[in-house]
Amino acid sequence: MTAATVDRIVQKISALPRLPMTSMRLMQLLSNPDSSVRDVVEVIRFDPVVTAELLKICNSASIGLMRKIESVTDAARLLGTNRIFQLVMAAHTRTMLGSSQDGYGIPAGALWKHSVAVALAVERLARSLAREQVGQAFTAGLLHDIGKIILNTSVGADYAKIAELVKQGGVSFCEAEKSILGFTHAEIGARVGERWELPEAIVRAIRYHHEPEFCEPHDAIVDLTHIADIVCLQIGVGGGDDAMYYRIDGAAMERQGLKLSTLETVGAEVIVELKSIEKAFH
Amino acid sequence: MNQVVVDIADLAVSNDADANLVTFSLGSCIGVTIWDPQAHVGGLLHFMLPEASLSPEKAKASPAMFCDTGVPLLFKSAYQLGAAKERLVVRVAGGAQLLDEKGIFNIGKRNYLALRKIFWKNNVLIASEDVGGNVSRTLKLNVSSGEVMLKTREGEVAL
Ligand SMILES: [Fe+2]
Ligand SMILES: [Fe+2]
């Protein structure tokens, strides 16, 4: 990869719009055990665009609430602050992650769908294992492939070389990115996370989501993000042409004590939940 | 052309001569198309897991999620539109896998085995198939001609 290409990638990272302030503040609030429901409600109420969008989503039939929600306080009471945070984050990343990534063969909407599915899956896994960082789990899942939107053009330009490498066998798509482009979408994604000043745990999950064994010391959120990604890729949720060319790290599954049947159940649950979220956003 | 998109864990049948039934990005999931050349009835199922016993409650809500509840439902729905079992042309695609040297998590293979088992028990023959490997596939059935197209990054071919 030439110096000019590296420059272009660095430039793209800095040109990427940051996550809206409301998302960042909610993220901080939810990682602080002392913050109250009121704090969360106040942050959202302060942002009229998010408030309007949130109320629209909450009132969509597929969310399944029996009565009309008229305020953020109502929404927080009925859905819980965690769910509200998720809906706001999903809304805030929809434009960025929703565009097509032709280099990867990902059609419009599919990367967002994949990201939401992985987010729901990491969260479920973290909950089922009673891990503490449940709030971070969702965000890690939602942003794990953010690097793809930066690398997309480069992957597209060198797709033939990358494809040849992976087809020879034994090389994952990620490893091929590294050897042809010099970076993986995971490494680039971690740089985006750093630039956005995301919590370290989330940057770590983005960086190691395809290679959890390289994360020293091993980390639960990293392992779970890897496993959730594998489940969703396997099922075929929103993957591109790269989807099946990733490696499963069995050690991560062992470390987290996860059985196959648990993963399959989580996959089934996520599909059902994803369909309702998708409808709510339509 | 009237394109009917079949989502993951879903199925569709049709006798509309203008319809195409299509399903995108089959990973380890399996797509099954059936077509009756006389009644001009077609169906497409995109199932995700082998057995409903994993979650009977989910199977009730979305039977197309599992092989052993989805396949019977696909056939029955086609019969309701006038299809007959002995005339059905059955094609199968999907069941791919990730890079998994130790074979830890191979849903694709288990999906395919579950399908073979149910077809064998019911004397159903597969006319053509494209399964396994590390490929993500898109499957499309033309209800009027019965033509089934299989699309990957490499291009589109008749299955
Ligand atoms: Fe990835
Ligand atoms: Fe991913």
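The values are calculated or read from the model by the stated rules, or taken from the named source; none is laboratory data. Just so you know, these numbers come straight off a predicted model, no measurement behind them. Note that each Cβ is placed from the backbone with ideal geometry, even for glycine, and that neighbours are counted across all protein chains shown.
Report, by residue number, each residue of segment A:112-148 that is of a type in the set (S, T, N, Q) and either under 30 Å from A:Leu181 (Cα atoms) or within 11 Å of the chain's Cα centre (by Cα) (or both).
A:Ser115, A:Gln136, A:Thr139
Taking A:Ala140, is it in contact (Cβ under 8 Å) with a residue 12 or more places away in the chain, touching a helix residue (DSSP H, G or I) at 6+ places or on another chain (Cβ under 8 Å) and within 14 Å of another protein chain (Cβ to nearest Cβ)?
no
Got a sec? Which helices (runs of 4 or more DSSP H) wholly within segment A:160-269 have at least 1 residues that are over 30 Å from B:Cys67 (Cα atoms) and touching a residue at least 40 places away in the same chain (Cβ under 8 Å)?
Counting at least 1 such residues, we get A:173-181, A:185-195, A:200-208, A:220-235.
For A:Gln11, all conditions in the list (1) surrounded by 15 or more Cβ atoms within 10 Å (Cβ to Cβ); (2) in a helix (DSSP H, G or I); (3) modelled with pLDDT of 85 or more hold save one; what is the number of the exception?
Every condition holds for A:Gln11 apart from (1).
Would you confirm, using the coordinates I've provided, whether A:Leu19 is assigned to a helix (DSSP H, G or I) and touching a helix residue (DSSP H, G or I) at 6+ places or on another chain (Cβ under 7 Å)?
Criteria not met by A:Leu19.
Which one is nearest to A:Ala160 (Cα to Cα), of the residues in segment B:116-159 that are without any contact (Cβ under 8 Å) to a residue 12 or more places away in the chain and part of a helix (DSSP H, G or I)?
B:Arg116
Assess whether B:Pro50 counts as being modelled with pLDDT of 95 or more and surrounded by fewer than 19 Cβ atoms within 10 Å (Cβ to Cβ).
Judged against the criteria, B:Pro50 is not a match.
For A:Ser115, only one of the following conditions fails: (1) modelled with pLDDT under 90; (2) touching a helix residue (DSSP H, G or I) at 6+ places or on another chain (Cβ under 7 Å). What is its number?
So the condition that A:Ser115 fails would be (1).
Confirm whether B:Gly70 is modelled with pLDDT of 95 or more, small (Gly, Ala, Ser) and in a helix (DSSP H, G or I).
Here the answer is yes, as B:Gly70 does meet what is asked.
May I ask you to say which residue of A:Lys56, A:Lys113, A:Lys12 is under 30 Å from A:Gly240 (Cβ atoms), of a type in the set (Lys, Arg) and within 14 Å of another protein chain (Cβ to nearest Cβ)?
None of the others qualify; the one that does is A:Lys113.
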